[in-house]
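Read through the structure below, which is laid out as structure tokens, and then see the notes.
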Amino acid sequence: ILLHYIKLMKIKVPLLPFVVYKRFLKNSWSISWPMLLIMTFEFLISLTDVYIAGTIEKKYQAAVGFTSQFYFIFIVFANALTIGTVSVLSRQFTANESNLPNNIFSIVITTIVSGLFLSISGVVLTAFIVPLTNIPISIKPISINLLQLYAAGLMFHFLLINTNGILRACGNIKKSLVTMALVCILNIGLNFYLVYHTTWGYKGIALSTIISLAIGSIINLYFTYPLLKGFNRYIINTVKKVISIGWPSGILQISWQLGGTVLFLIISLLPAHQVEIMAAFTNGLRIESAIFLPAFAFNMANSVVIGNLLGKKEYKEAFTTGLITAFLAVIFILVLTVIVIVNAPLLTSFLTTNAIVKNETLKYLYIVMLSEPFMAWAVVLGGGLNGAGDTRGVTKIVVLSLWLVRIPLSYFLGIHLQYGAVAMYWSMNMSIFIHTIFLTRRYIKAEWLSIKV
């Protein structure tokens, strides 16, 4: 289908001969496998949070799911800044740009200042925002306490995310891998210790995150320092360029996280078992992240690979490698999807002992897993477009599919027509199918190859 579409659209950038695919596959995999491990570490941290919260009581598990949605809204600027950072630095690194040390220094300073500002803002605003939501009253005070603690560590998370982006854009992804392995071990170990063996209780879930992020950001600064050799000034134009590329991704991530939060609020409108379904939705999202995070690993790998190749002006190679990475991701995700479906009862039993929560989690998994290969394809091609600087195109497609398909359909079918949570899950699938079609079309047209960064 892809080859036919390329011929039909008369694409000016032809695919390379099959005999050279092996080199590009090796190039893509060399960045993808460390990212896969990094995403695995993040998944284990997230899963541990949900598991520990579930061993205390279901309301804590529901609160962890709700606060995670809000927390990622706080760090959206860091993620957007990192996307712009990778797009700019990956090209400059392969092009041997002389201002690279100054550009890295400028980005690091911007990250620290913005992280500190949003950390303070998050701590202050949390107490005003959460009470305005219509989540069950039993989880509001828990959510406020968790969110304020998470917000206190925002600066460290900002710095860790962005320095990870700098390292992978500049050919040091294995150093980033070392850092994230240590963060994972620290976070999980402290989680169990602080929750079960100190007076912090459920707050230990957030405190363990803060401590591990602080240590990880310090390690990453140490790894980044050699890249700063010779820096002597702050370059505002570089920061403007990074923000210009990154802000559409910021809008996308805000929309996505707000969409997730709205889904939680729609669940709260169900006539019965709102807390149980909310906890099940949290569990389902965490298990699904076992698939989403590897897909996002290929997304970030594709961004770096395409950025590096465009920096060397190897346009045909960039186009072909992006497709190869996407195919590689789909194969990987298909295997994971089958594993999750086959082991769904075991996974849900691990996360909860509540019969209603378990049953609702299984419904989520059996429905949403159908769209995972499509999600992987779209996410990875989107990463390639981000690496080329075409963040606005990706944002437009994903945001429209979210707010014109997923959210309206979830409310209309789930609440108005009273088909319940199952209808919400099918609406999520539908939005994935639609934005996959349009992202594929945008990539294959190859207009992103001419974007200047």
Residue by residue through segment 358-365, the couplings from Karplus 6.51 cos²θ - 1.76 cosθ + 1.60 with θ = phi - 60°, in Hz, x for Gly and Pro, are 4, 5, 5, 5, 5, 4, 4, 5
Segment 182-213-segment 392-453 distance, computed between alpha-carbon centres (Å) = 36
Dipole-positive endmost among I210, I266, G384 within the chain (Cβ charges, Cα centre) | G384
D (µm²/s, integer) via Stokes-Einstein for the chain, Kirkwood Rh across alpha-carbon pairs, 20 °C, 1.002 mPa s: value 96
Would you work out if segment 342-443 is rounded, prolate or oblate? Take a ≥ b ≥ c from the square roots of the eigenvalues of the alpha-carbon gyration tensor; rounded if a/c is under 1.5, else prolate when a/b is larger than b/c, oblate otherwise.
-> oblate
Return the sequence-ordered ³J(HN,Hα) values of segment 35-49 in whole Hz as given by the Karplus equation 6.51 cos²θ - 1.76 cosθ + 1.60 applied to θ = phi - 60°, using x for Gly and Pro.
-> 5, 4, 5, 4, 5, 5, 4, 5, 5, 4, 4, 5, 5, 5, 4
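Using a 1.4 angstrom probe on the protein heavy atoms only, could you order I444, I218 from most to least accessible area? Present the calculation step by step, with values, prior to reporting the outcome.
Working: I444 0, I218 115 Å².
Ranking I444, I218 by accessible area, largest first, yields I218, I444.
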Dipole check, segment 337-437, charges on Cβ (K,R +1; D,E -1), about Cα centroid: among M369, P408, V394 the Cα furthest to the positive pole belongs to P408
Cα convex hull of segment 53-111 - mean projected area over all directions, nm² = 5.6
Counting pairs of alpha carbon atoms under 8 Å apart in space and at least six apart in sequence, what relative contact order in percent does the chain give?
-> 24
Taking the alpha-carbon centroid of each part, what is the distance from segment 229-305 to segment 81-129 in angstrom?
-> 17
List the trypsin sites (Lys or Arg not before Pro) in segment 363-453 that DSSP assigns to loop (not H, G, I, E or B) and whose Cβ has at most 14 other Cβ atoms within 10 Å. Which are they?
-> K452
Radius of gyration and Dmax for segment 10-163's Cα atoms, expressed in Å?
-> 20.7, 62
For A446, list long-range residues whose amide hydrogen, built 1.01 Å from N in the peptide plane, is under 5 Å from its own amide hydrogen.
-> none
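Suppose only helical runs count, i.e. DSSP H with n ≥ 4. What mean residue ellipticity at 222 nm does that imply for the chain under -39500 (n - 2.57) per run, divided by all residues and rounded to the nearest 500 deg cm²/dmol? Kindly include the intermediate steps, with their values, before the conclusion.
Working: 18 runs with 361 residues, N = 453.
Result for the chain, helices only: -27500 deg cm²/dmol.
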When only Cα pairs under 8 Å and 6 or more residues apart are kept, what is the percent relative contact order across segment 304-447?
-> 27
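In debye to the nearest 20, how big a dipole does segment 114-273 give about its Cα centre with +1 on each Lys and Arg Cβ and -1 on each Asp and Glu Cβ?
520
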Sorting L149, A295, L182 by the position of each Cα along the dipole of the chain (Lys, Arg +1; Asp, Glu -1; all at Cβ), the one nearest the positive end of that ordering is A295
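Full-extension gain between N96 and K26, please, as 0.36 nm times their residue separation minus the C-alpha to C-alpha distance. Could the numbers behind the result be given before it?
On the way: separation 70, 0.36 × 70 = 25.20 nm, distance 2.28 nm.
Net length gain for the segment: 22.9 nm.
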Which value, in debye to the nearest 20, gives the size of the charge dipole of the chain about its Cα centre, when Lys and Arg are +1 and Asp and Glu are -1 at the Cβ?
-> 1360
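Need one number for segment 268-392: average projected area of the convex hull over its C-alpha atoms, nm². Before the final figure, lay out the partial values.
On the way: hull surface 34.7 nm².
Over all viewing directions, segment 268-392 projects a mean Cα-hull area of 8.7 nm².
The values are calculated or read from the model by the stated rules, or taken from the named source; none is laboratory data. For clarity, every value in this text was computed on a predicted model and none was experimentally measured. A quick note on method: Cβ atoms are made from the backbone with ideal geometry, for glycine too, and the neighbour counts reach across all protein chains shown. Accessible surface is based on the protein model in full, side chains and every heavy atom, while ligands, DNA and RNA are left aside. Shrake-Rupley method; radii C 1.70, N 1.55, O 1.52, S 1.80 Å.
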